[in-house]
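Enquirer: I have a structure here, written as structure tokens, and I will follow up with some questions on it.
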Amino acid sequence: MTKAIAFAALLLTACATDGEISRGPELDHGSDLAVEDAARVTGVVRGATAGRVVLGNDTWLASQEIADGGFAFDNVPDGTYFVKLEVAGLASETQTVTVEGGAASVILTATTLATGTFTYNWSSDASRGGHEQGSLVGSARNILRDAYNIELSDEDQVWSDEHASRLLQTMRSVPQTNSAAYAPTDVAPTTWVLASDGGYSHDSGIVHMPARAFGSESASRFFARELHGLIVDYVTDGGANRLAVDKILNDRYGIRAFLFQNTESVDLISMMEDMPAGLRSLSALRTIIKRPDGAPVRATVSLGYLEVAEAAFTVDHADTVKNMVREKARFIVTPALQAAWGTGDVADAIATFITAPSSMSEQALAMMNGLKLEAARPIASVSIEAQQRTVSIELGMNAGEGASSAALYLFNDLGQYRFVSLNPTSASGAKVRGMVTLPVGGTWRPDVIVLRDRAGDASIRDMSEVGWRLVVE
């Protein structure tokens, strides 16, 4: 009898912004789990004796192996965190824990999945990578290998699935040469090490990515600013590869930039990224020009360009981002929007909404939210079942969202493909489901999903959101 093994993952950001994560401490997994005289986050794991526990939020991230039926994290800053298991073959739930005085406790419970049929489930949660469980987990590592020929090395710190997911999300935000399921491309192989100490380095195909780069304490709303900057540095060779710089600026932000030095180009890309998706690429903005003095950022809407002064690269990053958001917002401000806002500069209000929303009134926040500057993320879950070569795919929508249909192609390594149509399971369109029987063995994977909302409007959900691979033996 043919045996089917499926490997799947849906990589959705938990929100439309891109958050920041920092590394956790070095940990001793031995008998000190019983020590209670030091402030620490401790937990008990029921139903699993092996696997990884991940604790984190948008400014802190750490993982460790289950040891003696539990876990303990030291030096955890106060705040609210998610905690979840990364283990194949077991079902569990992501939990939220509040750390006060560096201490908290939690119980994680895992249950055995049904046998006889492959199952895989992903759902959005408080983490950036979401929560996956099933017969096999750890998809981001495989997608990094398939799309970028990146091998993650655990020789220093272990790459958790959450670390790998966030690396993949950030790589997807930096346009570069990569391999697609429908168009395989040769990409030079590299090995990436999650380094506990030292800085970023790239030499002879070995990339050392400091774990601290996954986040830092910052007022920024968006994800992995430091990690994003290092990946831009990696892709553009510190800004010296002008073709790579131009590709990122054009493909991601729809602009061309002139007169910037190499390091300034890397910083400029970080500035452009550190804002909502609705302001990243604007059809009316085509050019950014460097000038020696004057206001840090200045828009000339009638001519379709921004001027960025040298001072923008020397002042505090948060101030520069606010200036950049304000001046880019001028390209979307209409007379009607300004009239609705009333007195005051609505472009400046948008910049405040993006960089310091807590300072705004509820009425102002409601109006700003109505601009819908954040990217829509309609898909909340994915479920896959495989019985021999027959595969069932189900997508769940976020609350308030609905789908009238979805469609995708599955490709294999031989250049074959199969079309899969997904239809609503109820009138609300809260879930869409489809089935396909694969004709041959080998590796099958999708590239994009075309999702139609309840009104029939289509959107393409690319591999930054969805990516799973099915291996039929």
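The values are calculated or read from the model by the stated rules, or taken from the named source; none is laboratory data. In this text, all values refer to a predicted model and were calculated from it rather than measured experimentally. As a convention, Cβ positions derive from the backbone with ideal geometry for all residues, glycine included, and neighbour counts pool all protein chains shown.
Enquirer: Looking at region 408-427, which of the residues that are touching a Phe, Trp or Tyr at 6+ places or on another chain (Cβ under 7 Å) and in contact (Cβ under 8 Å) with a residue 40 or more places away in the chain is nearest to residue 452 (Cα to Cα)?
Expert: The residue in question is 409.
Enquirer: Looking only at residues that are of a type outside the set (Ser, Thr, Tyr) and part of a helix (DSSP H, G or I) in region 299-318, which one is surrounded by the most Cβ atoms within 10 Å (Cβ to Cβ)?
Expert: Taking the candidates together, the pick is 312.
Enquirer: Let me ask something else. Among the residues of region 180-213, write down those that are touching a Leu at 6+ places or on another chain (Cβ under 6 Å) and polar (S, T, N, Q).
Expert: none
Enquirer: Give me the pairs: first residue in region 439-451 and under 16 Å from residue 386 (Cα atoms), second residue outside any strand (DSSP E or B) and among the basic types (Lys, Arg), beta-carbon distance under 8 Å, and six or more apart or on different chains, which are they?
Expert: Cβ pairs passing all conditions: 439/389; 441/389.
Enquirer: Residue 164 fails exactly one of the following numbered conditions: (1) without any contact (Cβ under 8 Å) to a residue 40 or more places away in the chain; (2) over 20 Å from the mean Cα position of the chain (by Cα); (3) farther than 23 Å from residue 244 by Cα. What is the number of that condition?
Expert: (2)
Enquirer: Go over the candidates 366, 399 one by one and state the one that is of a type in the set (Gly, Ala, Ser), modelled with pLDDT of 85 or more and either farther than 28 Å from residue 164 by Cβ or not assigned by TED's automatic domain parsing to the domain that holds residue 252 (or both).
Expert: Sole residue among the options that is of a type in the set (Gly, Ala, Ser), modelled with pLDDT of 85 or more and either farther than 28 Å from residue 164 by Cβ or not assigned by TED's automatic domain parsing to the domain that holds residue 252 (or both): 366.
Enquirer: Now, a different point. Can you confirm whether residue 259 is under 17 Å from residue 236 (Cβ atoms) and exposed (fewer than 15 other Cβ atoms within 10 Å of the Cβ)?
Expert: Answer is yes for this residue.
Enquirer: Out of the residues in region 358-389 that are over 25 Å from residue 452 (Cβ atoms) and touching a residue at least 60 places away in the same chain (Cβ under 8 Å), which is surrounded by the most Cβ atoms within 10 Å (Cβ to Cβ)?
Expert: 386
Enquirer: I would also like to ask the following. Which count do you get for residues in region 63-95 that are touching a strand residue (DSSP E or B) at 6+ places or on another chain (Cβ under 7 Å), modelled with pLDDT of 90 or more and among the aliphatic types (A, V, I, L, M)?
Expert: Result for region 63-95: 5.
Enquirer: Out of 292, 335, 296, 276, report the one residue that is within 18 Å of residue 228 (Cα to Cα) and either assigned by TED's automatic domain parsing to the domain that holds residue 360 or modelled with pLDDT of 90 or more (or both).
Expert: 276
Enquirer: In region 269-295, what residues are out of contact with any Leu (no Cβ under 8 Å at 6 or more places or on another chain) and either under 18 Å from residue 244 (Cα atoms) or assigned to a helix (DSSP H, G or I) (or both)?
Expert: Hits for region 269-295 are 270, 271, 273, 280, 281, 286.
Enquirer: Here is a list of conditions, (1) surrounded by fewer than 17 Cβ atoms within 10 Å (Cβ to Cβ); (2) modelled with pLDDT of 90 or more, and residue 193 meets all of them except one; can you say which number that is?
Expert: (1)
Enquirer: Within region 342-395, work out how many residues are more than 21 Å from residue 410 (Cα to Cα) and among the acidic types (Asp, Glu).
Expert: So the count comes out to 4.
Enquirer: Return yes or no: is residue 408 surrounded by 15 or more Cβ atoms within 10 Å (Cβ to Cβ), of a type outside the set (D, E, K, R) and modelled with pLDDT of 85 or more?
Expert: Yes; evaluated as a whole, the condition is true for this residue.
Enquirer: Based on this model, can you work out whether residue 92 counts as within 30 Å of residue 386 (Cβ to Cβ) and crowded, with 22+ Cβ neighbours inside 10 Å?
Expert: For residue 92, the condition - within 30 Å of residue 386 (Cβ to Cβ) and crowded, with 22+ Cβ neighbours inside 10 Å - is not met.
Enquirer: Looking only at region 160-176, how many residues end up being part of a loop (DSSP other than H, G, I, E, B) and in contact with a Ser or Thr (Cβ under 6 Å, 6 or more places away or on another chain)?
Expert: 1
Enquirer: Okay, next question. Across region 319-339, which residue is farthest from residue 263 (Cα to Cα) among those that are crowded, with 21+ Cβ neighbours inside 10 Å and not charged (D, E, K, R)?
Expert: Among those that are crowded, with 21+ Cβ neighbours inside 10 Å and not charged (D, E, K, R), it is 329.
Enquirer: I'd like the full set of residues that are without any contact (Cβ under 8 Å) to a residue 40 or more places away in the chain and touching an Asp or Glu at 6+ places or on another chain (Cβ under 8 Å), limited to region 76-118.
Expert: Scanning region 76-118 gives 78, 94, 100.
Enquirer: Which residue is modelled with the lowest pLDDT, if the candidates are limited to region 214-224 and must be surrounded by fewer than 24 Cβ atoms within 10 Å (Cβ to Cβ) and not polar (S, T, N, Q)?
Expert: Ranking the qualifying residues of region 214-224, first place goes to 219.
Enquirer: Right, another one. I need a count of the residues in region 77-106 that are over 22 Å from residue 121 (Cα atoms), over 23 Å from the mean Cα position of the chain (by Cα) and among the hydrophobic types (A, V, I, L, M, F, W, C).
Expert: So the count comes out to 4.
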